[in-house]
Amino acid sequence: MASKTRTTPSMLTVRAGSEARATLMREGFRADSFSTLLGASGGPKWLVLPSIDRVLARRLIGPRSRPLHALGTSIGAFRHAALAQPDAISAIDRFEHVYAAQVYRRKPTPAEVTQESRRILGVLLGADGVRNALGHPTLRLHVGVARSHGLSATERPAVLASALALTATANAVSRRLLRLAFDRVVFHGSQKPAFHFDDLPTCNVALNSTNFEDATLASGSIPLVMQAIRDLPGAPRGFYRDGGVTDYHFAMDFVAPPGLIFYPHFSNHIVPGWFDKMLRWRHAHGPLLARTVLVTPSHEFIASLPGGKIPDRSDFQVFSTSERQRRWEKVRDSSRRLGDALEELFEGNRLAEAALPFRG
């Protein structure tokens, strides 16, 4: 009898901090060992992650008895909203399909992109998605959003572009100077916020049925690409924008609940904020890395994708709609290998064995 073909684990790269690896070596994988799930910003880059999310719905969220606190910004917040549905697999399927199929004019206005993004969120959630997410038995959503102030609190493109340029310059000097233009607001679905930050001014607001959709949409509202969401219910008045501005991949220097952190991501280079993307010396190095398990596509997997890269927002400008959709469809098909590889690691209890240390 022919042996069953195994998916090569080289499709995935797993990194684990010292505390996380020691726990996995001692106890193996236990869903309740993890207290936190992180979801980064990144737009179309998430198209390599849906199959990983499907595995997590079964392995990390389904069998647990303790709360899992999910902290997400932008597309990460959308992903977590899908995972918080009773049938998370179907919600991920809906989200993946409607996201990959989006169509715009060559140069859409921020209003058009905002309208389409709201439609995508509506398809993801379905009729009862908000109620389901807020009432999930174990998953506690936390949605990160950036609130503009000063010159950045505007919809005038020229003024906003100038404000962003000034903010980028200030951020290059010190990440803490982001406070000159942005505050962080965390909308929390738990009884009290599970995360605490001291790097930037942070306001915590209860996530509820009146602000859930707008907060999630605001978390993905990219400056100059989408409209800001104004005056969210229960939160301070202002212009609310993409949570990735303050927490693109997270600096890993905040306070999180005791327990391990699971972080499915599209890159092993963890960038703290949106303005740090071009600063190669600026990377996450906070104490939470010791408790983190980071799962990412391997370089080998990325090289197998169309053009040898993960999808990104430039695809909208570079390719025709049909070509972009063809490429994204191939990425979606390929990403199933990542879910298979992660499933094999769980099935064989080999997560610790596969884990590499974090660099530097």
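Laboratory data are not the source of any read-out in this text; all were calculated from the coordinates shown. Fair warning: this is a prediction, and the values are worked out from it, not measured in the lab. Ideal geometry is used to build each Cβ from the backbone, glycine not excepted, and the neighbour counts take in all protein chains shown.
Order by neighbour count: Met278, Met226, fewest other Cβ atoms within 10 Å first, most last.
Neighbour counts put them in this order, fewest first: Met278, Met226.
Would you compute the Debye intensity of segment 207-360 from its alpha-carbon atoms alone, equal scatterers and no solvent, and pass along log10 I(q)/I(0) at q = 0.10, 0.11, 0.16 Å⁻¹ to two decimals?
So the normalised log intensities work out to -0.50, -0.61, -1.22.
Using a Gaussian network for the chain with springs between C-alpha atoms less than 10 Å apart, which of these wobbles most: Phe254, Phe346, Phe319?
Evaluated over the chain, the most mobile residue of the options is Phe319.
Taking every pair of Cα atoms in segment 169-294, average 1/r, invert it to obtain the Kirkwood radius, and report Rg/Rh to two decimals.
With Rg and the Kirkwood Rh in hand, the quotient comes to 0.95.
Which residues does the label zone of His196 cover in segment 237-267, counting backbone N under 20 Å from a point 7 Å along Cα→Cβ?
251-261
Amide H of Arg140 versus every other amide H placed in the peptide plane: which residues, excluding those fewer than 5 positions away on the same chain, fall under 5 Å?
Residues meeting the amide H criterion: Leu68, His69, Ala70.
Would you work out the charge dipole size for the chain about its Cα centre, treating the Cβ of every Lys and Arg as +1 and the Cβ of every Asp and Glu as -1, and quote it to the nearest 20 debye?
On the way: 46 positive and 32 negative charges, 76 e Å.
Result for the chain is approximately 360 debye, rounded to the nearest 20.
Of Lys107/Lys309; Lys192/Lys309; Lys107/Lys277, which ones are farther than 29 Å apart at the Cα?
Table pairs above 29 Å Cα-Cα are Lys192/Lys309.
Mind checking the log10 I(q)/I(0) for the chain at q = 0.08, 0.09, 0.10, 0.12 Å⁻¹? Debye, one equal scatterer per Cα, no solvent, two decimals.
Per q value, in the given order, log10 I(q)/I(0) is -0.36, -0.46, -0.57, -0.85.
So if I restrict to the alpha-carbon atoms in segment 1-120, what is the Rg, and what is Dmax, the biggest pairwise distance, in Å?
Rg and Dmax of segment 1-120, Cα atoms, are 17.5, 59 Å.
Provide the gained length on full extension for the span Ser10 to Arg350, in nm with one decimal, where the gain is 0.36 nm per separating residue minus the Cα-Cα distance.
121.1 nm
So what is the calculated 222 nm ellipticity per residue for the chain, using -39500 (n - 2.57) for each DSSP H run with n of 4 or more, over all residues, to the nearest 500 deg cm²/dmol?
-10500 deg cm²/dmol
Rank the residues His283, His265, His97 as a footprinting-exposure proxy: fewest other Cβ atoms within 10 Å of their Cβ go first.
Lowest count first: His97, His283, His265.
Which whole-number percentage describes the relative contact order of the chain, with Cα contacts under 8 Å and a sequence gap of 6 or more?
29 percent
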